[in-house]
1. Of everything in segment 590-642, what is over 22 Å from Gly549 (Cβ atoms), surrounded by 16 or more Cβ atoms within 10 Å (Cβ to Cβ) and touching a residue at least 60 places away in the same chain (Cβ under 8 Å)? Give them in sequence order.
2. Of (1) touching a residue at least 24 places away in the same chain (Cβ under 8 Å); (2) closer than 29 Å to Ser452 by Cβ, Ser563 satisfies all except one. Which?
3. Taking helices (runs of 4 or more DSSP H) that do not extend beyond segment 192-253, which have at least 2 residues that are surrounded by fewer than 21 Cβ atoms within 10 Å (Cβ to Cβ) and of a type in the set (Gly, Ala, Ser)?
4. Considering only residues of segment 319-354 that are assigned to a loop (DSSP other than H, G, I, E, B) and more than 30 Å from Phe278 (Cα to Cα), which is modelled with the highest pLDDT?
5. Hey, any hits in segment 391-400 for a residue that's touching a Phe, Trp or Tyr at 6+ places or on another chain (Cβ under 9 Å), farther than 23 Å from Gly331 by Cβ and either surrounded by 19 or more Cβ atoms within 10 Å (Cβ to Cβ) or of a type outside the set (Val, Ile, Thr) (or both)?
6. Checking Lys315 against (1) over 20 Å from Asp94 (Cβ atoms); (2) modelled with pLDDT of 95 or more; (3) surrounded by fewer than 18 Cβ atoms within 10 Å (Cβ to Cβ), only one condition comes out false. Which one?
7. Within segment 416-442, count every residue that is assigned to a helix (DSSP H, G or I) and aromatic (Phe, Trp, Tyr).
8. Select, from Glu125, Glu164, Glu143, Glu131, the only residue that is closer than 24 Å to Thr242 by Cβ and under 17 Å from the mean Cα position of the chain (by Cα).
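The values are calculated or read from the model by the stated rules, or taken from the named source; none is laboratory data. Treat the numbers as computed from the prediction; the structure is a model and nothing was measured. No Cβ is skipped: glycine too gets one built from the backbone with ideal geometry, and neighbour counts run over all protein chains shown.
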Amino acid sequence: MPENIQQKIEELRTELHQHNYSYYTLDEPTISDFEFDLKLKELQDLEAKHPEFYDSNSPTSRVGGEITKNFPTVQHQFRMYSLDNSYDFNDLEDWENRVQKTVNGPVEFVAELKYDGASISILYENGKLKEAVTRGDGFQGDEITANVKTISEIPMQLHGDFPERFFIRGEIYLTRKNFNKINIRREEEGLDPFMNPRNTASGSLKIQDSAEVRKRGLSSVLYQYISAEFPAKTHWELLHKTKSWGFHISEQAKLCKTLDEVKEFISFWDLERHKLGFDIDGIVVKVNDLAQQKNLGYTAKSPRWAMAYKFKAEKVETELQAVTYQVGRTGAITPVANLKPVLLAGTVVKRASLHNEDIIKKLGLHEHDFVYVEKGGEIIPKIVGVNLEKRNTENPEIEYIKNCPECGTELIKIEDQAIHFCPNELHCPPQVVGRMIHYVSRKALNIENLGSETIEQLYREKLVENPADFYALSKEQLLPLERMAEKSAQNIIDGIEKSKTVPFEKVLFGIGIKHVGETVAKKLAKNFNSIDDLRKATAEELVQVEDIGGKIADSIIAFFQNSENILMVERLKSYGVQLERGENTSEVLSNVLENKTFLFTGKLSLFTRDDAEEMVEKHGGKNISAVSKNLNYLVVGEKAGSKLKKAQEIGSIEILDEQEFLNLISK
């Protein structure tokens, strides 16, 4: 009997894989959606009753339901490079000339749409989806296999004559239709709509519950086969081989014999792109011959055999209906232009940031002006000019507000800065909420399941007014909140309890002292054993700490002169939050860099600046902020400028590239 059950399960899996292939790859469905769902339900029931026949690549895994608390970091076996960009045909011609000089022969190109989504690398072994990893920094990314399996266009079982092991790369994106569906749902639930499909697709891939990822309706397109060996001689041939194995490739890709054909392809899609059901932000052009690709190789960050042509930002004219003002977490005021809705680059634009008073004055904005709007990088709308011919001279000039739009407090403008801010930091609602959102954020206390919407609800219900209030919450207070189930409430309480083990430096960053960022908090935690020691410190003692100037010192002293802040700190201490230095405050891996000072300059490609400075500290070294005779090592990335020149003039400073820095640590 078990053999018959196992055989039935395997037959259903094979049949459903075939139906998925027919539907998503061949675009030739062989059964109705209703019949497919019946078979899928039958398989689900059988698998539930017989877990001994579990298969991670079963078609039922598309339904989701796997919970991933943490997405492990995975090293890419083959680095995921970024592409060089071009913005006009002259750039493309220069690139073609460089290619021709290297290959010294005829060159064909493949032109493909540049999908606006999130890059992914997927490993297949023996025809089965093994692992899916985000691009990350190109060297390593997050493993999100469970979430990627919910995307119907990505096969879990391949067909035909496929290699034993290889990677396939592509883009995860949202169609405009599915993006709009998500936002309609969010608005019905009283939530703010998402801003754009690209960021929503990227964010969806990191949702912990794969069943929720499934609901987003993500799509994919695969465009690059990666392996040590290639089962074809050209990229074009490889693309169509991958399609025969079951991958969804772009139907719009074109084989071009000359660069003129590439230009025609670009010109066509520059006009027609808004008729697509998804966003693109350009065209990718690749050398077709794989031997030529190998010959061309790579720069430090990009393949020499590929180039991205980016479409220019579109500009439209519309009416300025009003200027409103938003208050940020730090009290900074941002003016926002409310526009008569207008279609721009495929989406309806209603708002654009004006940044600050200086921008408003520079534009010379009047009420009900007709303005020109662009989408910077195809995402964020901005006003780039005014149509003076249409101005009604009777309309008054826009005057910047004098009082906070949220609490009415008179605004302050610091000399030599463009920003106005509200000084009522402890009682201005957006600042109060923003401070608590900052406290629970990943780089601070990292309280899981306590998001911005929940914090706003708690504030509206007068359950929390500052970070210390989180520790007085009970599950019974959370349960009456909208969309709050018992499990969710318990998860929040557990997350708050767990935050009591977070080290002092992160708590110091989290409590939100103005000008005390992540790096400054670390340095303060190294120099002061506890929050009480920091509170007693004089301005003279504070500025003795590296990178602490008078402005930061004054801010710290002002924080502790406020009785409400002192009460909050005392309450945090009473709840057991780590407000003194412990063993886990700073992890030291070695002393190989002991007594050595470092400074990083230029564009880094192997690691971020934050990661680099953390590596220095973990190996006993010290980061400093300027080039001087006290500097031992200057680590330079691309386009290093004045700091490199000054270091060379001093002469005693050792100059390293990124790899040499890593080699130094490895010693």
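1. Leu593, Ser605, Leu606, Phe607 - these are the residues of segment 590-642 that are over 22 Å from Gly549 (Cβ atoms), surrounded by 16 or more Cβ atoms within 10 Å (Cβ to Cβ) and touching a residue at least 60 places away in the same chain (Cβ under 8 Å).
2. (1)
3. Details: elements: 197-204, 210-216, 235-245.
Once the helices (runs of 4 or more DSSP H) in segment 192-253 are filtered for at least 2 residues that are surrounded by fewer than 21 Cβ atoms within 10 Å (Cβ to Cβ) and of a type in the set (Gly, Ala, Ser), what remains is 197-204.
4. Gly331
5. Yes, that holds for at least one residue.
6. With (1) over 20 Å from Asp94 (Cβ atoms); (2) modelled with pLDDT of 95 or more; (3) surrounded by fewer than 18 Cβ atoms within 10 Å (Cβ to Cβ) applied to Lys315, the lone miss is (2).
7. Selection size over segment 416-442: 1.
8. Of the residues listed, the single one that is closer than 24 Å to Thr242 by Cβ and under 17 Å from the mean Cα position of the chain (by Cα) is Glu143.
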